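Right, one structure below, let's go through it.
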Amino acid sequence: MKINVAQVKKEIGSRQPFTFITPACNMDVSQLRFELVDDVKVTGEVVNNGRALEVSGVIYARMASRCDRCLEAFDAPLDIAFQEVFQETVDQVADETADVAYYQDDEIELAGLVEENLLMAEPLKALCKPGCLGLCPQCGVNRNVSPCHCSHDDIDPRLAKLRQLLKE
């Protein structure tokens, strides 16, 4: 996923749109807990602001995962907005502490940026739907599919006195 920026860097304020579609198997996202199921589409724009090139856009993908509450398999769309500032480096050493990325030879490579944003978009808790009821901790039934008839009156013994106060 390379963008040739030779034209856009000639004039301040110029813009260049881009679109890439790449198979999910070409992405190095092996650290993810979910799987990418369709092609990954990246659309965006490069803008020359005079000091650097601003690259912004949206990554469209589809993930397949298992719900952390009910363990059912599900698919969900991912729409991830991104923005990065790139500066050209010739042969000098790039400053790794700066808040900019660097490019050389009139080409900006976006594969690393896309993979990084996919990793950052991984949900902390993958849910099949926001109101997922999960599994019953006693009988194991999926409470999204059928109701559970277990008694859920268990209380921490340290809080038993508070329960007595509430009954009074």
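The values are calculated or read from the model by the stated rules, or taken from the named source; none is laboratory data. Not measured: the values here are computed from a predicted model. Glycine also receives a Cβ, built like all others from the backbone with ideal geometry; neighbour counts cover every protein chain displayed.
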Self-check item: Given (1) touching a strand residue (DSSP E or B) at 6+ places or on another chain (Cβ under 9 Å); (2) modelled with pLDDT under 85, number of the condition Gly112 does not satisfy
Solution: (2)
Practice problem: Look at region 27-58 and say how many of its residues are touching a residue at least 40 places away in the same chain (Cβ under 8 Å) and within 17 Å of Lys2 (Cβ to Cβ). | Solution: 7
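Yes/no matrix, rows are residues, columns are (1) of a type in the set (A, V, I, L, M, F, W, C); (2) over 24 Å from Ser14 (Cβ atoms):
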residue: Arg51; (1), (2): no, no
residue: Gly57; (1), (2): no, no
residue: Cys70; (1), (2): yes, yes
residue: Leu78; (1), (2): yes, yes
residue: Gln83; (1), (2): no, no
residue: Glu88; (1), (2): no, no
residue: Gly112; (1), (2): no, yes
residue: Leu127; (1), (2): yes, yes
residue: Val145; (1), (2): yes, yes
Practice problem: For Lys161, state whether it is of a type in the set (Lys, Arg) and assigned to a loop (DSSP other than H, G, I, E, B). | Solution: no
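Per-residue answers, yes or no, for (1) assigned to a helix (DSSP H, G or I); (2) exposed (fewer than 11 other Cβ atoms within 10 Å of the Cβ); (3) on the phi < 0 side of the Ramachandran plot; (4) acidic (Asp, Glu):
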{"residue": "Glu45", "(1), (2), (3), (4)": "no, no, yes, yes"}
{"residue": "Gly50", "(1), (2), (3), (4)": "no, yes, no, no"}
{"residue": "Val55", "(1), (2), (3), (4)": "no, no, yes, no"}
{"residue": "Val58", "(1), (2), (3), (4)": "no, no, yes, no"}
{"residue": "Leu71", "(1), (2), (3), (4)": "no, no, no, no"}
{"residue": "Leu78", "(1), (2), (3), (4)": "no, no, yes, no"}
{"residue": "Ala81", "(1), (2), (3), (4)": "no, no, yes, no"}
{"residue": "Val85", "(1), (2), (3), (4)": "no, no, yes, no"}
{"residue": "Ala126", "(1), (2), (3), (4)": "no, no, yes, no"}
Quiz item: Within region 65-84, is even one residue touching a helix residue (DSSP H, G or I) at 6+ places or on another chain (Cβ under 7 Å) and among the aromatic types (Phe, Trp, Tyr)?
Solution: yes
Quiz prompt | region 15-40, residues that are surrounded by 15 or more Cβ atoms within 10 Å (Cβ to Cβ) and modelled with pLDDT of 85 or more | solution = Gln16, Phe18, Phe20, Thr22, Leu36, Asp38, Asp39, Val40
